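Enquirer: The structure that follows is given in the form of structure tokens.
Derivation of every value follows stated rules applied to the coordinates shown; laboratory data play no part. It should be emphasised that the depicted structure is a prediction, and the values quoted were computed from it without experimental measurement. No Cβ is skipped: glycine too gets one built from the backbone with ideal geometry, and neighbour counts run over all protein chains shown.
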Amino acid sequence: MSDPTTCLGLTVSHAVVIVLALVVLGTAVATFAGRWGIPAPSLLVLAGIGVALVPGAPTVHVAPDVIASVVLPPLLYASAEEISARELRRVWVPVLVLALGLVLATAAVVASLAWALTGLSAAMAFVLGAVLASTDPVAVTALGRRLPLPGRIQVLVQSESLFNDATSLVLFKVAVAGAAAGSVGVLGGVGKFFVLAGGGLAVGAGLAAAVAFLRSSITDPVLETVIALVTPYTAYLLAESIHVSGVTAVVVAGVVAGSVGHRITDARTRLHVHSVYAVLVFALESVVFSLIGLQLPALVRDLGSADRWWPVHAAVLAAALIGVRMLWVWPTTALARPTRGYPTWPLTRVVTWAGTRGVMPLAAALSIPLAADDGASLPGRPLVLVLTTAVVAATLTVQGLSLAGVVRTSGLAVAPERAAAKEEAARSAMDRAVVEYLDELAVAGPANASAVLRLRARYAERLDPETDASLLEDLATLRRDVLSVQGAELRKLFAEERITDGLRRRLQAELDRRETGLDA
């Protein structure tokens, strides 16, 4: 555990100043990134390195438990909530192959190279392999928000990053236990792997079910927002307290929450929760991606002269990560039924290049204990930290800055006009359902005829006529009714698979804004 009086290796007051400065930096970077069409995470890493190289800049050492227990849970949870449960069920085979097989293969290759090229022991090389074995869901989600990929490919990339992350961190726990103890048996490692992963899955699913039941009985947006904020922390801490995978618990809880959230909450609550989470995720991402850049120069200064070849070793490891990923992704996407219909080489390029490393490997490396079980200093820890941070920075900048170009040249990108046409078709279907409902209502005659005609004109012709005071109450009631009709039609379109989950979420947010009076 870190000293409670410090947060980033500094006093609390200095830590608060640095965190606020990083949020301001993130805001400025995000503004320019949006204008230039550059992924904000990549620019934040470069900005962090630039700030760290300024003479007189404070040296930042992040306490291991700060990122693992404070920053990661809400970021993982937010990323998991964006996953479409329906699409996840369709791509579970390639996701499973990548999340298990690719992680183990990558860990083995990286560990072998690290042991052969560096002065790391076999145990610490295996720790480094486990750290770098997975892509990062926070980085992938942040980079992927701007990519016009087909929904199924987007879900494949994001889901793989979430679940291979859980796999690699479980593998990391096994590796660290072996490094600290001096050795670990194969059977013992496999058993520990399944206990950690299975326990985390059970905790996440159980907690998500309990939270869904609790939220379904609450109508106060503030209380629901508090519950949504503490859920990822509860999942993580509960799982870690019983010595199973906290990351797996958070991921499972997030996927379940994302699949049922729109059915158990009302419009006002959804808008409130989404707004608060958007601010929180932006602030945490600004801090954590900047820290990756800030950390690297400070960690390099702590290295001994024997490790002066670390840039070459980091470059070799980064190239190996891309090579292993490409060799594994190619047959997986070509043979798996959900991705078999896409052109193999373009899909391989996109999925391979989307495999950036990010926050998770950094958090794992920082959590490596300072000493072995016998109390002796754990050799190789500084080099593992430097290599991890360097590889993370390299993938976020090189792959992150060029990923949009890879997608555009792959032929897989969804044409803007096609996406707009699908969205317009969904809107038209929802408006037609309203017009039909109002026609039936006018024939039945239970409502003010003038109010029905005015509201019908509003949705049929997209007009906004003046309403006199005598009709306001009937008009408000009818507006709520037609929003319910539109919501039902939206759910029908999604159930019939005529729209994607992303489009459903976007249109549902519009209905929520109208229902709460924020949008006309």
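Enquirer: If you place +1 on the Cβ of every Lys and Arg, -1 on the Cβ of every Asp and Glu, and leave all else neutral, what size is the dipole of the range 289-383 about its Cα centre, to the nearest 20 Debye?
Expert: Working: 8 positive and 4 negative charges, 115 e Å.
I would put it at about 560 debye.
Enquirer: Quick check on packing: order 356-362, 488-494 by the mean number of other C-beta atoms within 10 Å, highest mean leading.
Expert: Working: 356-362: 28.3, 488-494: 17.7.
With the highest mean Cβ count within 10 Å placed first, the list reads 356-362, 488-494.
Enquirer: Here is a follow-up. Between A122 and S484, what is the FRET efficiency for a Förster distance of 60 Å, r being their Cβ-Cβ separation, to the nearest 0.05?
Expert: Step by step, r from the Cβ atoms, then E = 0.45.
Enquirer: Follow-up. Over all alpha-carbon pairs of the range 283-367, lay out the pair-distance distribution in 10 Å bins, whole %, shortest bin first.
Expert: Going out from 0 Å in 10 Å bins, the range 283-367 shows 14, 32, 28, 19, 5, 0 percent.
Enquirer: Ok, one more. Please list 3J(HN,Hα) in residue order for the range 106-113, calculated via the Karplus relation 6.51 cos²θ - 1.76 cosθ + 1.60 where θ = phi - 60°; whole Hz, with x for glycine and proline.
Expert: The phi angles translate into 5, 4, 5, 5, 5, 4, 5, 5 Hz.
Enquirer: If you don't mind, there's one more thing I want to ask. D for the range 224-383, whole µm²/s, Stokes-Einstein with Kirkwood Rh over alpha-carbon pairs at 37 °C and 0.692 mPa s: what number?
Expert: Using the Kirkwood radius from Cα pairs, D works out to 164 µm²/s.
Enquirer: Here's a follow-up. Could you list log10 I(q)/I(0) for the range 187-230 at q = 0.21, 0.22, 0.31 Å⁻¹, which the Debye formula gives when each Cα is one point scatterer?
Expert: Cα-only, vacuum Debye calculation for the range 187-230: -0.70, -0.73, -1.01.
Enquirer: So, one more: If you take the charge dipole of the range 216-335 about its Cα centre, with +1 on Lys and Arg Cβ and -1 on Asp and Glu Cβ, which of A235, L327, L223 is farthest toward its positive end?
Expert: L327
Enquirer: What list of ³J(HN,Hα) values in whole Hz, one per residue of the range 354-364 in order, does the Karplus curve 6.51 cos²θ - 1.76 cosθ + 1.60 (θ = phi - 60°) give from phi, with Gly and Pro shown as x?
Expert: Once rounded to whole Hz, the list reads 6, x, 6, 9, x, 5, 4, x, 5, 4, 5.
Enquirer: Need one number: nm distance between label points at R408 and S217, each 7 Å from Cα along Cα→Cβ, rounded to one decimal.
Expert: Result for the modelled spin labels: 5.4 nm.
Enquirer: May I pose another question? With label points built 7 Å along Cα→Cβ from the Cα atoms of R427 and R506, find their separation and express it in nm.
Expert: For R427 paired with R506, the spin-label model returns 1.0 nm.
Enquirer: With each label point set 7 Å from Cα along the Cα-Cβ vector, what nm distance links L237 and D65?
Expert: Taking the two extended label points, one gets 1.1 nm.
Enquirer: Leaving out same-chain residues fewer than 8 places away, which lysines sit with a Cα under 24 Å from that of K492?
Expert: Counting by Cα, and skipping residues close in sequence, K492 has these lysines nearby: K422.
Enquirer: Taking a quarter of the surface of the Cα convex hull of the range 44-121, what do you get in nm²? Spell out each step's value before the answer.
Expert: Details: hull surface 35.1 nm².
Reported value for the Cα convex hull: 8.8 nm².
Enquirer: Checking the cross-link filter: which lysines have an alpha carbon closer than 25 Å to that of K192, excluding same-chain neighbours under 8 positions apart?
Expert: Partners within reach: K173.
Enquirer: Quickly rank 43-56, 90-103, 390-403 as a protection proxy: mean count of other C-beta atoms within 10 Å, highest first.
Expert: Result, highest mean first: 390-403, 90-103, 43-56.
Enquirer: Using a Förster distance of 30 angstrom, determine the FRET efficiency expected from the C-beta separation of V230 and D266, and round it to 0.05.
Expert: That pair, V230 with D266, gives E of 0.90.
Enquirer: I would also like to ask the following. Quick one: 3J(HN,Hα) in Hz for the range 322-330, Karplus 6.51/-1.76/1.60 with θ = phi - 60°, rounded, Gly and Pro as x.
Expert: Ordered by residue, 3J(HN,Hα) equals 5, x, 4, 4, 5, 5, 8, 5, 3 Hz.
Enquirer: Taking 0.36 nm per intervening residue step and subtracting the Cα-Cα distance, what contour gain separates W36 from S305 on full extension?
Expert: 92.9 nm
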